[in-house]
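Note sheet for the following structure.
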Amino acid sequence: MRAPLTQKGASRLREELEHLKSVKRPEVIQAIAEARAHGDLKENAEYHAAREQQGFIEGRIKELESVLSNAQVIDVSKLNAGSRIVFGATVDLADCDSGDEVSYQIVGDLEADIKKGLISVSAPIARALIGKHEGDTVTIQAPNGERSYDIVGVRYAV
């Protein structure tokens, strides 16, 4: 199965890939050349650090290329699921106990960033929300016990 990715997430990954190829890769190649010019490579910490950095960069480039070539990019603005929660939905939740409100967008695994309100489609909270509708109450098993949330709103904005 192809991994789902929002258009915005795919764009961010493409930008990261381009940055790695056009900026980071040449920088580390230059650092290796400079470190190599210092002589003995066995005792050269700068050389070994640069080589290690090169390994990380090349690994990330391969990972991004693989993800982007195998991803199913979904245009969230074209989804018409109404009040039903599916991949790409932005969901407004109200904590049944405290009344605190929070919003999450359900996105692909690689674009998830809880600080930005982006939760992975495979996260327990996302799995509990998918298929539910605006107005439903959902109970989620959190690390500190069960939490109940009212689904206040469901949006499919870009």
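Would you please name the residue that is nearest to the chain's Cα centre (by Cα), looking only at residues in segment 120-132 that are of a type in the set (A, V, I, L, M, F, W, C) and assigned to a loop (DSSP other than H, G, I, E, B)? Going through the qualifying residues, I end up with 121.
Looking at 117, 135, 153, which is the one that is under 14 Å from the mean Cα position of the chain (by Cα) and over 19 Å from residue 3 (Cα atoms)? Write out each step before concluding.
Working: 135 fails: under 14 Å from the mean Cα position of the chain (by Cα); 153 fails: under 14 Å from the mean Cα position of the chain (by Cα).
The match here is 117.
Does residue 119 satisfy the criteria of being β-branched (Val, Ile, Thr), modelled with pLDDT of 90 or more and closer than 27 Å to residue 136 by Cα? When the stated conditions are applied, residue 119 passes them. For segment 14-71, filtered to residues that are hydroxyl-bearing (Ser, Thr, Tyr) and surrounded by fewer than 13 Cβ atoms within 10 Å (Cβ to Cβ), the residue that is nearest to residue 4 (Cα to Cα) is 69. Take residue 55 and decide whether it is farther than 20 Å from residue 138 by Cβ, at pLDDT 90 or above and small (Gly, Ala, Ser). Yes; evaluated as a whole, the condition is true for this residue.
Which residue, of 101, 146, 111, is at pLDDT 90 or above and either out of contact with any Leu (no Cβ under 7 Å at 6 or more places or on another chain) or of a type in the set (Asp, Glu) (or both)?
Sole residue among the options that is at pLDDT 90 or above and either out of contact with any Leu (no Cβ under 7 Å at 6 or more places or on another chain) or of a type in the set (Asp, Glu) (or both): 101.
Kindly establish whether residue 94 is of a type outside the set (D, E, K, R), more than 17 Å from residue 157 (Cα to Cα) and outside the structural domain of residue 11 (by TED's automatic domain parsing). Against the criterion (of a type outside the set (D, E, K, R), more than 17 Å from residue 157 (Cα to Cα) and outside the structural domain of residue 11 (by TED's automatic domain parsing)), residue 94 qualifies. Among the residues making up segment 90-118, those that are exposed (fewer than 12 other Cβ atoms within 10 Å of the Cβ), in contact with a strand residue (DSSP E or B) (Cβ under 9 Å, 6 or more places away or on another chain) and farther than 23 Å from residue 133 by Cβ are 114, 116.
Would you confirm, using the coordinates I've provided, whether residue 140 is touching a Lys or Arg at 6+ places or on another chain (Cβ under 8 Å), assigned to a strand (DSSP E or B) and crowded, with 18+ Cβ neighbours inside 10 Å? For residue 140, the condition - touching a Lys or Arg at 6+ places or on another chain (Cβ under 8 Å), assigned to a strand (DSSP E or B) and crowded, with 18+ Cβ neighbours inside 10 Å - is not met.
The values are calculated or read from the model by the stated rules, or taken from the named source; none is laboratory data. Every value quoted in this text rests on a predicted model; they were computed, and no experiment measured them. Note that we place each Cβ from the backbone using ideal geometry, even for glycine, and neighbour counts take in every protein chain shown.
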